[in-house]
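All remarks here apply to the structure that follows.
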Amino acid sequence: MRRENVIGRANVEDTPELEAYYASLEGEALGALWNVANEIEPWQPQPKSVPVLWKWKRIEPLVRRAPELVAADKAARRVVMLVNPGRKEWSAAAGLLYTGVQIMNPGELTSAHRHQASALRFIMEGRGAYTVVDGERMDLGARDLVLTPNGTWHDHGIDAGGTQCIWQDGLDIPLMNSLDANFYEVHPGIVQQPSSLSRENWGKPYSPVFKYAWDEAFENLKTKGVLSEFDGKVYEYRNPLTGGPIMPTMGAQLQLLEPGEQTKAHRHTGSAIYQVAQGRGRSMIGGQRFDWEEKDIFALPSWAVHSHANASSSEDAVLFSFNDFPAMRALALYREQPA
Ligand SMILES: [Fe+2]
Ligand SMILES: [Fe+2]
């Protein structure tokens with residue numbers, strides 16, 4: 001129990017009589033709100049997630065060990081998860097977002113399946129990777145973004161003539177589980193037969209574009225990015241039909257920090273997972289300093305004060321990130337504040 005000596009907040013002292021009363025409440029699956037009210041209704045968000053930086057240098061050897069130890073088909077998805085120490089029970093990297101690093105060898109494939117969780121992949125390295133979404137095959141190279149929206153059939157693989165490939169998966173699995181709304185199905189055919197997907201009268205709640213190639217996205221960032229004093233130059237991946245986010249629960253964006261740039265600090269509701277696409281720099285998150293370079297991944301918990309800086313005086317730094325802002329906005333929960 002956390003007592004607060006503030007009008008309107010719970011401040012009840014324990015007595016032997018009350019303790020006996022609490023015991024009888026508990027026996028009937030009841031409880032006294034005043035014992036938990038201050039905790040379950042905090043003055044502001046109290047994320048269990050902590051800011052975390054996963055240095056690629058440290059996790060890469062462990063990721064590369066996985067194919068030596070586990071067969072792709074046995075694992076179904078051979079992924080090393082990034083687990084926030086405060087969110088282990090949800091397998092979340094921050095808030096209700098999951099992320100992992102998947103590694104596949106040439107000729108390997110992930111059998112076709114679909115799930116209620118929305119998913120995206122940001123390719124880190126390798127040649128010959130492809131994803132098939134609702135029958136449509138997309139070839140993927142480094143830093144391409146591909147969506148496998150909620151409910152779409154998808155399978156992944158690496159062409160036999162390709163190289164070992166690594167990418168970052170981002171999903172809202174913890175969100176689906178916290179809402180008790182998750183489903184999972186395997187495709188009867190192991191892999192999908194290639195077909196072309198009709199975009200006519202597109203009524204789906206997600207973008208009709210599944211692949212966002214790096215070259216084009218990077219060009220859009222440079223030419224159409226919106227300047228923000230908190231985030232640098234920002235380009236959001238969008239659903240071209242609506243101008244809205246790529247998927248109903250998750251958004252993604254690129255941020256460009258010019259040489260030497262240091263952003264102002266702000267905070268917002270909603271969590272984000274970053275991957276450094278290019279360059280090196282640092283982010284201050286919740287008062288901690290994180291120095292990052294290419295392929296490092298870091299977690300931004302909701303409502304944590306943060307700012308970013310490019311540590312190079314000659315080269316741009318580019319951050320890729322995905323977030324749960326569309327879910328927050330759909331529920332009218334998005335708030336932002338300068339720090
Ligand atoms: Fe999947
Ligand atoms: Fe931010």
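General remarks:
- Rolling a 1.4 Å probe across the protein heavy atoms gives the range 222-321 an accessible surface of 37 Å² per residue.
- Overall, the anisotropy analysis places the range 139-226 in the rounded class: the square-rooted eigenvalues a ≥ b ≥ c of its C-alpha gyration tensor yield a/c less than 1.5.
- Dipole in debye (nearest 20) - the chain, about Cα centre, beta carbon charges: Lys, Arg +1; Asp, Glu -1: 600
- A DSSP coil position with no more than 13 other Cβ atoms inside 10 Å describes the following trypsin sites (Lys or Arg not before Pro) in the range 172-249: Arg199.
- What a 1.4 Å probe finds exposed on the range 1-99 is 55% carbon and sulfur by accessible area, rounded to a whole percent.
- Cα gyration tensor shape for the chain, rounded if a/c is under 1.5, else prolate or oblate: prolate
- Carbon-plus-sulfur accessible fraction, the range 188-339 (probe radius 1.4 Å, protein heavy atoms only): 50%.
- Shape of the range 198-335, Cα gyration tensor, a/c cut at 1.5: oblate
- CD proxy at 222 nm, helix term only [per DSSP H run n ≥ 4: -39500 (n - 2.57); per residue of the chain; nearest 500]: -5000 deg cm²/dmol
The values are calculated or read from the model by the stated rules, or taken from the named source; none is laboratory data. All figures in this text were calculated on a predicted structure; none of them were measured in a lab. For neighbour counting, all protein chains shown are included, and Cβ atoms are generated from backbone atoms with ideal geometry for every residue, glycine included. All accessible areas refer to the heavy atoms of the entire protein, side chains included, with ligands and DNA or RNA removed. Shrake-Rupley method; radii C 1.70, N 1.55, O 1.52, S 1.80 Å.
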